[in-house]
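The values are calculated or read from the model by the stated rules, or taken from the named source; none is laboratory data. Values in this document were obtained by computation on a predicted structure and should not be read as measured data. Cβ coordinates were reconstructed from backbone atoms using ideal geometry, including for glycine residues, and neighbour counts include every protein chain displayed.
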Amino acid sequence: MKQTIFIITFFLFSLAVNAQNQIEICQNKTTHLIAEEKITYLQVGDPDKLIAEVVPEQPNMVRVKAVDDFDGESSLTLVSANRSYSLFVKYSDGNKISYKLEEFHGEKAGDLNIGPVPEYLLKEYCSQILNDGTQKPVRLRIKKDGIIFRLKNLYLKQDLLFFELEITNSTNIVLELEAIHWWIDDKKRIKATNVQEYQVEDLYRHYKWDRIPAKTTLREVVVLPKFIVPDKRILKIELLEKALGNTGRKLTLEVKNKAILKAQSF
């Protein structure tokens, strides 16, 4: 009996939330969603049914409009003030053309914010990259003592750079990773009279591998803030092996500025 009451209560609560998180749009009117703070993420469920965009002059507002008359529902997902809102969108030629976002039911988006992008979205973006089965040429590659270090691809989204890396351990011994460092350095250090190097801190790593088993290839996506490399300088990605007496292998990929400028949007 108690279980039945619980199921009914949960069902009624779900219906109430769904009803609360619903907006109506139509073809000949523009509907606005107004938040108290900046909208940091926006995604429509079916772009063939509706269009939505953050108002450039008012980043706390989203305008929504139906592409055409449609049956059933679509969806709209927004993030503002580190809260995620999933809204059901219904076609109706009603009178209400503005909604306050805070009136809808929202959930905490994540504890960690990387600039405008919450951690759960970074996980989703990295998963999209790693699950992309499209065969693409390897950007950069270096091989040393049975270890192959590759930069597979470079992507850009929301002012962040996504580096898709691949490490192959072709030996019979586990590779213990100490770190992957990112430096902006002079192209020709030997001739430089005043050498300066700058370390770039990564913002997010998807898997955080610390060991590569024998005869294994692993992939990783590392997120860095958007940047360009000044003239006569280069980005170095250094893979360091953990070993006694600082004797571990070091493999370095050198990324030129033109490669960064060609980062693919996704």
In the stretch 52-72, residues that are touching a residue at least 40 places away in the same chain (Cβ under 8 Å) and out of contact with any Ser or Thr (no Cβ under 7 Å at 6 or more places or on another chain) total 4
Turns out the strands (runs of 3 or more DSSP E) fully within the stretch 23-110 with at least 1 residues that are under 23 Å from Lys123 (Cβ atoms) and not assigned by TED's automatic domain parsing to the domain that holds Asp159 are 39-44, 50-55, 73-80, 83-91
Checking Pro137, Pro213 in turn, the sole residue that is exposed (fewer than 15 other Cβ atoms within 10 Å of the Cβ), farther than 19 Å from Arg249 by Cα and not small (Gly, Ala, Ser) turns out to be Pro137
